[in-house]
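Below: one structure, written as structure tokens.
What follows is calculated from the coordinates using simple rules that are stated; it is not laboratory data. For clarity, every value in this text was computed on a predicted model and none was experimentally measured. Don't worry about glycine lacking a Cβ; one is built from the backbone with ideal geometry, like all the others, and counts go over all protein chains shown.
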């Protein structure tokens, strides 16, 4: 009589259990190796190049001590491989470093790999500086560094921010309280002169009619006011109503924005 019943062999079962456990342990080791290899590959590159320079006040020519200088490496896109060949591996994370200038405005970055770098600086009360920038808010450019190079003449200019203050009075000489004051910066856009709202500053007059707008980049400004209710002399109101009736109020307001004054003599 043939029996189809199979009995488990305790010895064989134990052996299989050890094999399964050994396989799981090996898989965990392989996973840990892959994680470590990936983490290592994502570390920023290092090199032998050195970049040093100085941060200066463009107006006074004095060094800016305590400025925070940041250098960031520009990444290059991975190149596609030939037909049927895998693409080149993605580049390592961009190298980024920060330094603080000494009393002479000097800074230095070491162990940099070859590549293209953007260098910028910041300091409270000064317009941000960058390598290649020649005016406040102007364009900057990257610095190309070769492997093992020694670049010691990087110059970064910064500009002291200004302030505009004053007082607003009505036609009777009384201070105007709570009126919004705005400084519009003169810019050139497409060869045309415009006044930018984004580059200026804004404030509200205090109980004495005074205002002060700080943190302004060097430049030419027009100070204007905005208020829902404004006081004006009767002669001014009559002249403006006459301009509206004659259809010349648009040109009148355009002249007020460009010159900062309402010219009613015409």
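Some points to look at:
- Spin-label model, residue 241/residue 59: points 7 Å from Cα along the beta carbon direction are separated by 4.6 nm.
- Distance from region 50-68 to region 119-135 (C-alpha centre basis), Å: 9
- A crude spin-label estimate for the pair residue 214 and residue 194, with each label 7 Å from Cα along the Cβ direction, gives 3.0 nm.
- Note on residue 68 and residue 102: their simple-model spin labels are 2.2 nm apart, each label 7 Å out from Cα toward Cβ.
- Stretch gain in nm, segment residue 50-residue 186, where the contour uses 0.36 nm per residue and the Cα spacing is subtracted: 45.0 nm
- Stretching residue 249 away from residue 163 to a fully extended chain increases their span by 27.8 nm, per 0.36 nm per residue minus the current alpha-carbon distance.
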